[in-house]
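Just so it is clear, none of the values below were taken in a lab; they were calculated from the coordinates. A quick note: this is a predicted structure, and the numbers were derived from the prediction, not measured. Here the Cβ positions follow ideal geometry from the backbone for every residue, glycine too, while neighbour counts run over all protein chains shown.
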């Protein structure tokens with residue numbers, strides 16, 4: 001198949017998609033940037049209006065098209081810009097995480113974190129941690145669309 | 001060849017024919033015999049002579065409430081025969097605002113559980129030509145002779161885990177109630193799967209789902225799949241690819257199951273309708289089990305007042321991820 005599938009662990013770099021809520025986590029990422037903190041470039045950030053906006057199909061599509069790990073980051077419970085979005089998101093994403101694990105994904109492949117707009121350091125730290133975890137796990141081949149080559 | 005109780009059928013027919021002829025209902029949803037003696041398919045009875053075909057045997061597994069979505073477009077008042085699972089399916093549709101209560105008359109049929117033809121064949125070890133039921137025993141007739149089996153042994157997978165054989169909502173109860181059943185091992189197969197490693201579980205599902213034809217029969221039979229436009233047919237964005245490959249099969253089955261979180265009534269219609277025997281109910285039961293463990297016990301379709309778990313929250317909810 002494609003060269004991406006024959007990659008050895010040595011030269012392989014993980015691709016991680018981070019869905020960040022625009023009010024807290026995305027702003028936290030901004031703060032990490034303006035504070036000149038560095039975090040791995042493996043993480044590609046996608047801005048969503050709220051963690052409650054997360055459609056589980058976003059996560060599966062990411063896995064289909066090359067993601068080795070997916071992270072959803074939202075405001076801390078109680079701090080949601082829309083008051084209750086992340087409370088609902090917490091229930092939905094919990095059920096969804098259980099389901100993807102049941103389907104055979106390693107628990108580390110899909111994670112949820114709460115990062116506020118003042119936590120630039122936490123943002124950088126979490127991105128660092130998840131990248132390390134995914135690196136240790138190796139490339140994800142589950143649910144990969146055979147027609148889709150890894151972009152990394 | 002498969003009649004269980006002639007008196008029961010007569011009683012049902014008497015009541016519904018009175019209502020149909022008296023104009024209390026325009027249409028009756030029931031069952032009639034299908035092509036084979038071990039099949040009972042939906043019957044749409046609008047005239048007196050249609051009621052002749054009405055049947056009530058151990059193969060009336062089809063959930064009739066789902067058919068209301070179509071039939072209520074053309075009829076003002078529809079009567080439906082409901083088993084336990086059909087009645088919870090009706091509640092589910094009611095909760096989703098898909099049907100109006102005043103347009104439907106429910107005839108409750110407490111259900112002893114439906115039989116699985118494949119198990120009958122397996123047990124008879126020959127091609128069965130018919131069955132006779134009496135006192136919890138099933139006599140299977142084959143060309144080679146007769147064989148008697150315990151009724152419980154021949155129950156469909158979906159009926160083994162059934163907690164509510166009696167209708168939970170009805171206008172008129174036509175038969176004697178069965179009472180709430182004790183089910184011990186509802187989640188046994190789920191726990192077995194959970195104990196496997198991630199790789200083994202993925203291999204299991206990849207193998208099971210590889211048979212999927214994506215005929216969407218599971219969705220058509222399902223009482224929670226009542227969306228007017230389903231994600232699999234949406235063109236923009238096109239979430240569900242048309243290609244026949246594992247990735248797309250996972251996409252469909254995970255999302256189909258996920259749409260049932262806190263809404264699935266565990267009637268097992270998806271699995272029964274599946275032409276390639278994918279254990280779809282396992283995905284649904286897994287979600288029922290998890291949501292019950294996380295957010296408290298909830299059985300979908302029992303009533304219309306309790307809010308489904310994903311429509312509500314508590315500030316101190318637990319979460320399935322390491323960060324609370």
Query raised in the report: Among A:114, B:31, what is the fewest-to-most ranking by other Cβ atoms within 10 Å?
Result: B:31, A:114
Query raised in the report: How would you rank B:202, B:244, going from fewest to most other Cβ atoms within 10 Å of each one's own Cβ?
Result: B:244, B:202
Requested in this report: Compute the length gained on full extension between residue B:152 and residue B:24: take 0.36 nm times their separation in residues and subtract their Cα-Cα distance, giving the result in nm to one decimal.
Outcome: 42.3 nm
Query raised in the report: With chain B treated as a Gaussian network of Cα nodes joined by springs under 10 Å, which of B:140, B:278, B:255 yields the largest mean-square fluctuation?
Result: B:255
Query raised in the report: Expressed as a whole number of Å, what is the distance separating the alpha-carbon centroids of region B:62-116 and region B:172-204?
Result: 24
Query - Fewest-first ranking of A:131, B:306, B:142, A:83, using other Cβ atoms within 10 Å as the exposure measure - result: A:83, B:306, B:142, A:131
Report task. Specify the residue with the greatest mean-square fluctuation among B:133, B:199, B:185, computed from a Gaussian network of chain B linking alpha-carbon atoms under 10 Å apart. Result -> B:199
Query raised in the report: Rounded if a/c is under 1.5, else prolate if a/b beats b/c, else oblate: with a ≥ b ≥ c from the C-alpha gyration tensor eigenvalues square-rooted, which is region B:99-152?
Result: prolate
Requested in this report: Send over the semi-axes of the protein assembly as shown's equivalent ellipsoid, whole angstrom and largest first, taken as the square roots of 5 times the C-alpha gyration tensor eigenvalues.
Outcome: 48, 25, 19
Report task. Could you work out how far helix B:198-209 tilts from the main Cα principal axis of chain B, as a 0 to 90 degree angle to the nearest 10? Result -> 40
Query raised in the report: Which shape class applies to region A:1-133: rounded if a/c is under 1.5, otherwise prolate when a/b exceeds b/c and oblate if not, where a ≥ b ≥ c are the square roots of the Cα gyration tensor eigenvalues?
Result: oblate
Requested in this report: State the extension gain, in nm to one decimal, for the chain segment bounded by residue B:126 and residue B:217, taking 0.36 nm per residue of separation less the distance between their alpha-carbons.
Outcome: 29.8 nm
Requested in this report: Over the whole of A:78-90, what's the average partner chain Cβ count within 10 Å per residue? Rounded to a whole number, please.
Outcome: 2
Query raised in the report: Angle, helix B:84-95 long axis vs. longest principal axis of chain B, Cα atoms, 0 to 90°, nearest 10?
Result: 60
Report summary line: GNM of chain B, Cα pairs under 10 angstrom: of B:98, B:251, B:114, the biggest fluctuation goes to B:251
Query raised in the report: Of all DSSP beta bridges located in chain A, what percent are antiparallel, nearest 5?
Result: 0
Query raised in the report: How far is the Cα center of region B:248-318 from the Cα center of region A:77-129, in Å?
Result: 21
Query raised in the report: Kirkwood hydrodynamic radius for region B:96-252: how many Å is it when counted over pairs of different Cα atoms?
Result: 19.9
Query raised in the report: Nearest 10 degrees, 0 to 90: what angle lies between the long axis of helix B:280-295 and the longest principal axis of chain B (Cα atoms)?
Result: 60
Query - Enclosed volume per residue, in Å³, of the convex hull spanned by Cα atoms of chain B - result: 163
Requested in this report: Pairs of Cα atoms under 8 Å, at least six residues apart: use those to get the relative contact order of chain A, whole percent.
Outcome: 37
Query raised in the report: What is the average number of partner chain Cβ atoms found within 10 Å of a Cβ in B:306-312?
Result: 2
Report task. Could you work out the mean count of beta carbons from other protein chains within 10 Å of each residue's beta carbon in B:247-256? Result -> 5
Query raised in the report: Calculated from DSSP H runs of 4 or more alone, at -39500 (n - 2.57) each and per residue, what is the 222 nm mean residue ellipticity of chain B, nearest 500?
Result: -9500 deg cm²/dmol
